[in-house]
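Student: There's a structure below that I have some questions on.
The values are calculated or read from the model by the stated rules, or taken from the named source; none is laboratory data. Since this is a predicted model, take the numbers as computed values, not measurements. Every residue, glycine among them, receives a Cβ derived from its backbone with ideal geometry; neighbour counts consider all protein chains shown. The area values use the complete protein model at the heavy-atom level, side chains included, leaving out ligands, DNA and RNA. Shrake-Rupley method; radii C 1.70, N 1.55, O 1.52, S 1.80 Å.
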Amino acid sequence: MKKIFIIAMSCLLWSCGNESKVKKQPPKKVVEVPSFNEDSAYDFIAKQVAFGPRVPNSKGHEACGEYLINTLNRFCDTVIVQEADLTAFDGNVLASKNIIASFKPERAKRVMLCAHWDTRPFADQAETDKNTPIEGANDGGSGVAVLLEMARQFSIQKPDIGVDIILFDAEDYGQPDESEYPRMQHSYCLGSQHWAQNIHKPNYYAKYGILLDMVGGKEAVFTQEEYSVKFGPKTLKKVWNTAGNLGYGGQFSFQKTPGITDDHVYINYLAPGRVPTIDIIEHDSSTKNKFYKHWHTHDDKLEHIDRNTLKAVGQTVMHVVYNE
């Protein structure tokens, strides 16, 4: 018994003597994250929709592009416009603009947030009137609006890291299934394809990227899409866990769903390792295509936008950025 007591005392003395050698972890910094304003985001959608369809080469597209550039210039430290003539599946040459806005462009540690700002030139999923352009309140408008509201918030309280906001053009001029033209591979996401092969800065790198697409639908659910799981599993986990912690677990489901051809695919494949990017995009298991129910139809209107969904997405991504 005495021997055991001596050993125990020796261990206690060793522990006390080495306590000072144990490196104490500093308490994690508590970051005050601003409140994402869903009404402001909704207003940013309304302003885009007011220009009409934002199809490349149209007057609405040109006017909306100038509005987006001017708005981001108000909020951001720098804005770069990457212009390119991109050839679509039907032979049309699209005068395109990728709009790249940055906070703290000098910072090495940075993240990238992106969306597409153009709209579909035809309503190929509609029952009638298939050959006229759509309003694109959700498909195009919502992702841009959430990023504009985030830019507004960042201008008031800048995150510690650098942030790049990229609005890709010519995403939605993809070839319809019923097209009479010869099939063109990779006909969607022309703007992000161009950016990934002509990145705006030499040796550009971001810790990760988050793409927002169709993030304003009523009762929308965002699942973990296959390419996001493959290229950005840590970011995906961080975003979805953050959403759950904020009370948005109903909108952010951990269900794994098939891959979607979207801008993040070309960022990941054409610029490998530069910006591992995930996609926050609505998944609707009740529809044939598993997308937002008004996808590529004339019902993709402002009246079907839900402020609660905008709030869930915007607040979640803001928390992720501010806590980097």
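Student: Rounded if a/c is under 1.5, else prolate if a/b is larger than b/c, else oblate: which is segment 229-324, with a ≥ b ≥ c the root eigenvalues of its Cα gyration tensor?
Tutor: Values: a/c = 1.77, a/b = 1.17, b/c = 1.51.
Verdict is oblate for segment 229-324.
Student: When only Cα pairs under 8 Å and 6 or more residues apart are kept, what is the percent relative contact order across the chain? The partial results should precede the final answer.
Tutor: Details: 623 pairs, mean separation 70.0, N = 324.
Relative contact order for the chain comes out at 22 percent.
Student: Under 5 Å between amide H atoms, partner at least 5 residues away or on a different chain: which partners does residue 259 have, H built in plane at 1.01 Å?
Tutor: 226, 227
Student: To the nearest 20 Debye, how big is the dipole of the chain about its Cα centre, given +1 on the beta carbon of each Lys and Arg and -1 on that of each Asp and Glu?
Tutor: 2620 debye
Student: Reachable aspartates and glutamates from residue 237, Cα under 16 Å, same-chain residues fewer than 8 places away excluded?
Tutor: 225, 226, 279, 324
Student: Rounded to the nearest 0.05, what FRET efficiency is calculated for residue 106 and residue 83 with R0 set to 22 Å and r the Cβ-Cβ distance? Numbers along the way, then the final one.
Tutor: Numbers: r = 24 Å, r/R0 = 1.11.
After rounding to 0.05, the efficiency reads 0.35.
Student: Starting from the Cα-Cα distance between residue 73 and residue 90, subtract it from 0.36 nm times their residue separation and give me the gain in nm to one decimal. Each step should come with its number before you reach the end.
Tutor: Working: separation 17, 0.36 × 17 = 6.12 nm, distance 3.40 nm.
Going from the current span to full extension adds 2.7 nm.
Student: Right, here's the next one. Mind checking the full-extension length gain between residue 179 and residue 261? Use 0.36 nm per residue of separation minus the Cα-Cα distance, one decimal, nm. Write out the running numbers ahead of the final one.
Tutor: Numbers: separation 82, 0.36 × 82 = 29.52 nm, distance 1.82 nm.
Extra length available between residue 179 and residue 261 comes to 27.7 nm.
Student: While we're here: About its Cα centre, what dipole magnitude does segment 185-288 give when the only charges are +1 on Lys and Arg Cβ and -1 on Asp and Glu Cβ, stated in debye to the nearest 20?
Tutor: 440 debye
Student: Also, quick follow-up: How would you rank 142-154, 77-89, highest first, on the average number of other Cβ atoms within 10 Å across their residues?
Tutor: Packing proxy ranking, top to bottom: 142-154, 77-89.
Student: Also: Strictly over 18 Å apart at the Cα level, which of 130/301; 230/293; 104/311; 218/311 would you flag in this model?
Tutor: 230/293; 104/311
Student: Among 321, 31, 82, pick out the residue whose Cα is farthest towards the positive end of the charge dipole of the chain, where Lys and Arg carry +1 and Asp and Glu carry -1 on C-beta, about the Cα centre.
Tutor: Among 321, 31, 82, the one farthest towards the positive end of the dipole of the chain is 31.
Student: Return one whole number: the accessible area per residue of segment 229-324 in Å², for a 1.4 Å probe.
Tutor: Numbers: 4160 Å² over 96 residues.
Solvent-accessible surface per residue comes out at 43 Å².
Student: When the helix-only estimate is applied to the chain (DSSP H runs of n ≥ 4, each -39,500 (n - 2.57), divided by the residue count), what is the mean residue ellipticity at 222 nm, nearest 500 deg cm²/dmol? Please report the intermediate quantities before stating the final value.
Tutor: On the way: 9 runs with 113 residues, N = 324.
Computed mean residue ellipticity for the chain: -11000 deg cm²/dmol.
Student: Moving to a separate point now. Determine the percent antiparallel among the DSSP beta bridges restricted to segment 199-324, to the nearest 5.
Tutor: 20 percent
Student: In segment 87-241, with Lys and Arg counted as +1 and Asp and Glu as -1 at Cβ, which of these residues, 194, 156, 184, has the Cα nearest the positive end of the dipole, that is, farthest along it?
Tutor: The residue sitting most towards the positive pole is 156.
Student: Same structure, new question: Hey, can you grab everything whose amide H is under 5 Å from the amide H of residue 94? Only 5+ residues off in sequence or another chain; H modelled, so Pro and N-termini drop out.
Tutor: Hits under the 5 Å cutoff: 86, 87, 88.
Student: Between (1) 80, 44, 34; (2) 79, 67, 58; (3) 93, 43, 38, which matches Cα extents along the principal axes in Å calculated for the structure shown?
Tutor: It is the value labelled (3).
Student: A further question follows. Can you run phi through the Karplus equation (6.51, -1.76, 1.60; θ = phi - 60°) for segment 173-190 and list ³J(HN,Hα) in whole Hz, with x for Gly and Pro?
Tutor: These are the phi-based 3J(HN,Hα) values: 9, x, 6, x, 4, 8, 4, 8, 6, x, 5, 10, 6, 6, 7, 8, 6, 5 Hz.
Student: Which whole-number percentage describes the relative contact order of segment 57-136, with Cα contacts under 8 Å and a sequence gap of 6 or more?
Tutor: 21 percent
Student: Using the Karplus equation 6.51 cos²θ - 1.76 cosθ + 1.60 (θ = phi - 60°), what ³J(HN,Hα) coupling, rounded to whole Hz, does each residue of segment 31-43 give in order, writing x for Gly and Pro?
Tutor: 9, 7, 8, x, 8, 5, 9, 5, 5, 5, 4, 4, 5
Student: Related question: May I ask you to evaluate 6.51 cos²θ - 1.76 cosθ + 1.60, the Karplus curve with θ = phi - 60°, for each residue of segment 91-100 and list the ³J(HN,Hα) values in order in whole Hz, giving x for glycine and proline?
Tutor: x, 5, 8, 9, 6, 10, 9, 8, 9, 10
Student: Of the heavy-atom accessible surface of the chain (probe 1.4 angstrom), what whole percent is carbon and sulfur? Before the final figure, lay out the partial values.
Tutor: Details: 8130 of 15320 Å².
Accessible surface attributable to carbon and sulfur in the chain totals 53 percent.
Student: Over 19 Å between Cα atoms, which of 59/97; 201/238; 109/158; 158/238 qualify?
Tutor: Beyond 19 Å: 201/238; 158/238.
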